[in-house]
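**Q** Here's a structure for you.
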Amino acid sequence: MFTSDTERKKQDRLLLADLLLALFCALFGGVYEAFSHEVYSYWMIYAFAFPLALGALPLLVIRLSRAPYPNRAVRSAQHAGVASLTVGSLVTGALEIYGTTHPLTIVYWIAGAVLVLLGAAVYGAVLLRQASHRPASES
């Protein structure tokens, strides 16, 4: 159950922001590929998948299931992880199109994975704690 319309509007804004980011990445990847002289990179083409699958989809599931809204720490970790993975995908794609690689791109993947997993773990812990404190009649 939502505690207020303000919380619902905040959730809607974050969901819309993630969807717009996914759309921007899809358009950016398409334009970049159009000018890449027929050299393609799946990292560039599918960069939109990170904000869509790890940003918008979890928020949509939370919204539709009426689960408790994640706190600020969870949202910050999740969005930082999604941003890291998205930028890492775009950078790796640009480097592949250019015809090179760089060993430091692994930092994007490690940081992104750690932050996304951290956000999911903290959110899961919050849900478990709330479930354990719920009276038996509500279960």
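The values are calculated or read from the model by the stated rules, or taken from the named source; none is laboratory data. If you're wondering where the values come from, they're calculated on a predicted model, not measured in any experiment. Here the Cβ is made from the backbone with ideal geometry for all residues, glycine too, and neighbour counts use every protein chain on show. Calculation scope for accessible area: heavy atoms of the full protein, side chains included, ligands and nucleic acids excluded. Shrake-Rupley method; radii C 1.70, N 1.55, O 1.52, S 1.80 Å.
**Q** So with the 1.4 Å probe, I'd like the accessible area per residue for the chain, rounded to whole Å².
**A** 64
**Q** Sticking with this one: Of all accessible surface on the chain at a 1.4 Å probe, what whole percent is carbon and sulfur?
**A** 70
**Q** With the dipole of the chain worked out from charges on the C-beta (+1 for Lys and Arg, -1 for Asp and Glu) around the Cα centre, which of Gly99, Gly88, Ser41 lies farthest toward the positive end?
**A** Checking the options against the dipole of the chain, the answer is Gly88.
**Q** Let me have the 222 nm mean residue ellipticity of the chain computed from DSSP H runs of 4+ only, each contributing -39500 (n - 2.57), with the sum over all residues rounded to the nearest 500.
**A** -24000 deg cm²/dmol, from helical runs alone.
**Q** How tilted is helix 106-132 with respect to the longest principal axis of the chain? Cα atoms for both, answer in degrees (0 to 90, nearest 10).
**A** Tilt relative to the chain: about 10 degrees.
**Q** Let me ask you something else. Using +1 on the beta carbon of Lys and Arg, -1 on that of Asp and Glu, and nothing else charged, what's the dipole of the chain about the Cα centre, debye to 20?
**A** 700
**Q** Take peptides 76-85, 112-121, 61-70 and line them up by average Cβ neighbours within 10 Å, highest first, as a rough protection proxy.
**A** The packing order, highest mean first, is 76-85, 112-121, 61-70.
**Q** Now for a different question. Highest mean first, what order results for 23-36, 97-110 on Cβ atoms within 10 Å?
**A** 23-36, 97-110
**Q** Here are some values of volume of the Cα convex hull per residue in Å³: [x] 168; [y] 117; [z] 95. Which one was computed from this structure?
**A** [z]
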